[in-house]
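Beneath this line is the structure, given in structure tokens, with notes to follow.
The values are calculated or read from the model by the stated rules, or taken from the named source; none is laboratory data. Owing to the predicted nature of the structure, the values given are computational and were not obtained by experimental measurement. Neighbour counts run over all protein chains shown; Cβ positions are idealised from the backbone, glycine included. Surface accessibility is based on the protein's heavy atoms, side chains included, excluding ligands, DNA and RNA. Shrake-Rupley method; radii C 1.70, N 1.55, O 1.52, S 1.80 Å.
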Amino acid sequence: MAKETSKGTAKKASARGRKFSRILLKLSGEALMGDTGFGVCPDTVNFIAHEIKNTVAIGTQVAAVIGGGNIFRGIEAATQGMERVSADYMGMLATTINALALQNALERHDIETRVMSAIEMHEICEPYIRRKAVRHLEKGRVVIFAAGTGNPYFTTDTAAALRAMEINAEIILKATKVDGVYTSDPVKDRKARKFSSISYIDVLKKGLHVMDSTAISLCMDNSLPIMVFNLKGKGNIRNIVTGKKIGTYIGA
């Protein structure tokens, strides 16, 4: 038997420290715009790519779903008179722009990626095929799912829950601007109390706007846990993967 290389030994050692071997990272479109107020902030995307790189380095397989609210939000356009279906398709295209931005940042960090879209756009990304997505993950590539579910009336939260279950992710990491789930908005209410953990049903009963109710219900029906955490915290993604207590755990 060939002698094990130092690189292989290091990889096995890091794998022993992992709690999750496959995760799905849910990013809002707003997370990519940083403090610019609109569009994509290169420094912010670069920070996210670096955080993902550090997680991939310990052998965790990473998939991601990104919203498009920094460019176009379909539901808001619909309330202003635009046809909802057309508005939602425009939102799906916005998520694809964000997916390509993240792909570019990751590849500048020497991380192999694949963007897979629910709407076929052969010139810029692959069509979403479940088995192919799983194979990419097994090869160590970061898979970015674009265009939501490909259907109007469904949010990227629901797309994240659906894709996470399809690829057998062990947990959804929901990135936010705060460090967990609170009884009310901690920015507006100083008395807001943070939950260290909370059940799916309590999230729904209390009307806590963590993810939309369809996404929470999907996770509840399939026992898929969610971790809500602050994206701006350096090392948070890797720390969650290695089992450190960060953010709010949503489960049974």
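Can you pull the percent of the chain's accessible area that's carbon plus sulfur, 1.4 Å probe, other chains left in place? The computed percentage sits at 51.
Over the chain, average the accessible area per residue using a 1.4 Å probe and give it in Å², no decimals.
Working: 12860 Å² over 252 residues.
Here the residues of the chain average 51 Å² of exposed surface.
Taking the square root of 5 times each eigenvalue of the Cα gyration tensor, what semi-axes in Å does the equivalent ellipsoid of region 167-248 have, largest first?
Numbers: eigenvalues 75, 67, 18 Å².
In descending order, the three semi-axes are 19, 18, 10 Å.
In percent, what relative contact order does the chain have, based on Cα pairs under 8 Å that are 6 or more apart in sequence? Walk me through the intermediate numbers first.
Values: 491 pairs, mean separation 52.9, N = 252.
With pairs under 8 Å counted, the relative contact order is 21 percent.
Only Cα sites of region 131-201 enter the Debye sum here, all with the same form factor; the resulting log10 I(q)/I(0) across q = 0.13, 0.14, 0.25 1/Å is -0.57, -0.64, -1.15, listed in q order. Taking a spot 7 Å from the Cα of Arg135 along the direction of its beta carbon, which residues of region 101-117 have an amide N less than 19 Å from it? Residues 112-117 fall inside that zone.
Which parts of region 27-48 would a label at Met82 reach, counting a residue when its backbone N lies under 20 Å from a point 7 Å out along Cα-to-Cβ? Only 28-33, 37-41 pass the distance filter. With contacts taken as Cα pairs under 8 Å and at least 6 residues apart, region 72-203 reaches a relative contact order of 18 percent. Projected label points at Asn151 and Asn230, each 7 Å from Cα along the beta carbon direction, are separated by 3.7 nanometres.
In terms of Cα atoms, the Rg and Dmax of the chain work out to 17.9, 69 Å. Here is how the number arises for the chain: DSSP H runs of 4 or more residues each give -39500 (n - 2.57), the sum is divided by the residue count, and the result at 222 nm is -12000 deg cm²/dmol.
The label point for Glu166 and the one for Met90, both projected 7 Å from the Cα toward the Cβ, are 2.6 nm apart. A Cβ-based charge dipole, computed about the Cα centre of the chain with Lys and Arg at +1 and Asp and Glu at -1, lands at about 1320 debye.
Note on region 119-164: with charges restricted to the Cβ of Lys and Arg (+1) and Asp and Glu (-1), its dipole about the Cα centre is near 300 debye.
Here Glu123 and Arg18 are evaluated by their C-beta separation; at R0 = 25 Å the FRET efficiency comes out at 0.10. Size of region 109-252: Rg and Dmax of its alpha carbons, in Å, are 16.2, 51. Dipole of the chain computed with +1 at Lys/Arg Cβ and -1 at Asp/Glu Cβ about the Cα centre; of Tyr128, Leu218, Phe229, farthest Cα towards the positive end is Phe229. Stretching the chain fully between Asp35 and Asp202 yields a gain of 56.9 nm (0.36 nm per residue, less the alpha carbon separation).
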